[in-house]
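Q: My questions all concern the structure below.
The values are calculated or read from the model by the stated rules, or taken from the named source; none is laboratory data. These figures come from a predicted structure and were not determined experimentally. Here the Cβ positions follow ideal geometry from the backbone for every residue, glycine too, while neighbour counts run over all protein chains shown. For the accessible areas, the whole protein counts, side chains as well, though only heavy atoms, and no ligand, DNA or RNA atoms are used. Shrake-Rupley method; radii C 1.70, N 1.55, O 1.52, S 1.80 Å.
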Amino acid sequence: MQIPLNPEELVIPEIKYEYLDHTADVQLHAWGETLKEAFEQCGMAMFGYMTELSTVDIKTCYEIKTDPTDDIDNLLFRFLDELLFLFSAEPFLIVKKLEITKFDMENFYIECRCYGEEFDLEKHPQGTEVKAITYSAMQIYQQPEADKNEVFVIIDI
């Protein structure tokens, strides 16, 4: 669902992710002071693997919602899968900023605003195609007392 842009929301957060080698695939490693921030960073890592995010402008905003689920691993999978669908189907949105607006850890549910623009091969360098999100070796570490929360996800490329 497309929503109106608010210029006050356009501050781009610091990058807190990296790419780790994995046989035939790539592992995303993202972190944040909160688990919500780690999820946002993981989504940005996936988009960053598809193109150079410095070439992306914020021209539109879409909101995605995950279906409630039964555990945190499934929540991360569904969140990334919704983001991948947003890129893979009309409007082919490439995202420069993610903002999770609802992070429900009781019902394992997310609502997220996705800021970016339509992917354009003339403007955005084509990175590696992400085919699917996997559960393989998925890890979620919550350490609220240390302000260090991490996620590891393997994406099929």
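Q: What is the number of the single condition among (1) farther than 22 Å from THR23 by Cβ; (2) out of contact with any His (no Cβ under 8 Å at 6 or more places or on another chain) that VAL130 does not meet?
A: Status for VAL130: all satisfied but (1).
Q: Hey, GLN41 hits all of (1) in a loop (DSSP other than H, G, I, E, B); (2) of a type in the set (S, T, N, Q); (3) buried (at least 20 other Cβ atoms within 10 Å of the Cβ) but one; which does it fall short on?
A: Answer for GLN41: the failing condition is (1).
Q: Can you tell me how many residues within region 105-124 are open to solvent by 40 Å² or more (accessible area, probe 1.4 Å) and under 19 Å from GLU90 (Cα atoms)?
A: 7
Q: Could you list, in sequence order, all residues of region 88-104 that are at pLDDT 95 or above and either over 15 Å from PHE47 (Cα atoms) or of a type in the set (D, E, K, R) (or both)?
A: LYS96, LYS97, GLU99, ILE100, THR101, LYS102, PHE103, ASP104 - these are the residues of region 88-104 that are at pLDDT 95 or above and either over 15 Å from PHE47 (Cα atoms) or of a type in the set (D, E, K, R) (or both).
Q: Could you list, in sequence order, all residues of region 42-70 that are farther than 18 Å from ILE100 by Cα and among the aliphatic types (A, V, I, L, M)? Even if it seems obvious, please write down each step before you answer.
A: Taking region 42-70 as the starting set, the residues that turn out to be farther than 18 Å from ILE100 by Cα are 49-57, 59, 70.
If the condition is that a residue be farther than 18 Å from ILE100 by Cα and among the aliphatic types (A, V, I, L, M), then MET50, LEU53, VAL56 are the ones that fit.
Q: Any chance region 5-20 includes a residue that's open to solvent by less than 20 Å² (accessible area, probe 1.4 Å) and not in a loop (DSSP other than H, G, I, E, B)?
A: Just the residues of region 5-20 that are open to solvent by less than 20 Å² (accessible area, probe 1.4 Å), to begin with: none.
No, because not a single residue in region 5-20 is open to solvent by less than 20 Å² (accessible area, probe 1.4 Å) and not in a loop (DSSP other than H, G, I, E, B).
Q: Give LYS96, LYS102 a once-over and let me know the one that is open to solvent by 70 Å² or more (accessible area, probe 1.4 Å), outside any helix (DSSP H, G or I), of a type in the set (Lys, Arg) and touching a strand residue (DSSP E or B) at 6+ places or on another chain (Cβ under 8 Å). I'd like the intermediate steps shown before the answer.
A: Values: LYS96 fails: open to solvent by 70 Å² or more (accessible area, probe 1.4 Å).
Step by step, each of LYS96, LYS102 is checked, and only LYS102 is open to solvent by 70 Å² or more (accessible area, probe 1.4 Å), outside any helix (DSSP H, G or I), of a type in the set (Lys, Arg) and touching a strand residue (DSSP E or B) at 6+ places or on another chain (Cβ under 8 Å).
Q: Let me spell it out: the conditions are (1) surrounded by 18 or more Cβ atoms within 10 Å (Cβ to Cβ); (2) of a type in the set (A, V, I, L, M, F, W, C); (3) at positive phi, and ALA137 meets all of them except one. Which number is the exception?
A: Condition (1) is where ALA137 drops out.
Q: Among the residues of region 23-34, is any open to solvent by 60 Å² or more (accessible area, probe 1.4 Å), touching a helix residue (DSSP H, G or I) at 6+ places or on another chain (Cβ under 6 Å) and assigned to a strand (DSSP E or B)?
A: There is at least one residue in region 23-34 that is open to solvent by 60 Å² or more (accessible area, probe 1.4 Å), touching a helix residue (DSSP H, G or I) at 6+ places or on another chain (Cβ under 6 Å) and assigned to a strand (DSSP E or B).
Q: Output yes when any residue across region 52-73 is buried (at least 16 other Cβ atoms within 10 Å of the Cβ), touching a residue at least 60 places away in the same chain (Cβ under 8 Å), in contact with a Lys or Arg (Cβ under 8 Å, 6 or more places away or on another chain) and not in a helix (DSSP H, G or I), and no when none is.
A: The answer is yes, given that some residue of region 52-73 is buried (at least 16 other Cβ atoms within 10 Å of the Cβ), touching a residue at least 60 places away in the same chain (Cβ under 8 Å), in contact with a Lys or Arg (Cβ under 8 Å, 6 or more places away or on another chain) and not in a helix (DSSP H, G or I).
Q: Using the structure shown, decide if PHE85 is surrounded by 15 or more Cβ atoms within 10 Å (Cβ to Cβ), at pLDDT 95 or above and not in a strand (DSSP E or B).
A: Spelling it out, it is not the case that PHE85 is surrounded by 15 or more Cβ atoms within 10 Å (Cβ to Cβ), at pLDDT 95 or above and not in a strand (DSSP E or B).
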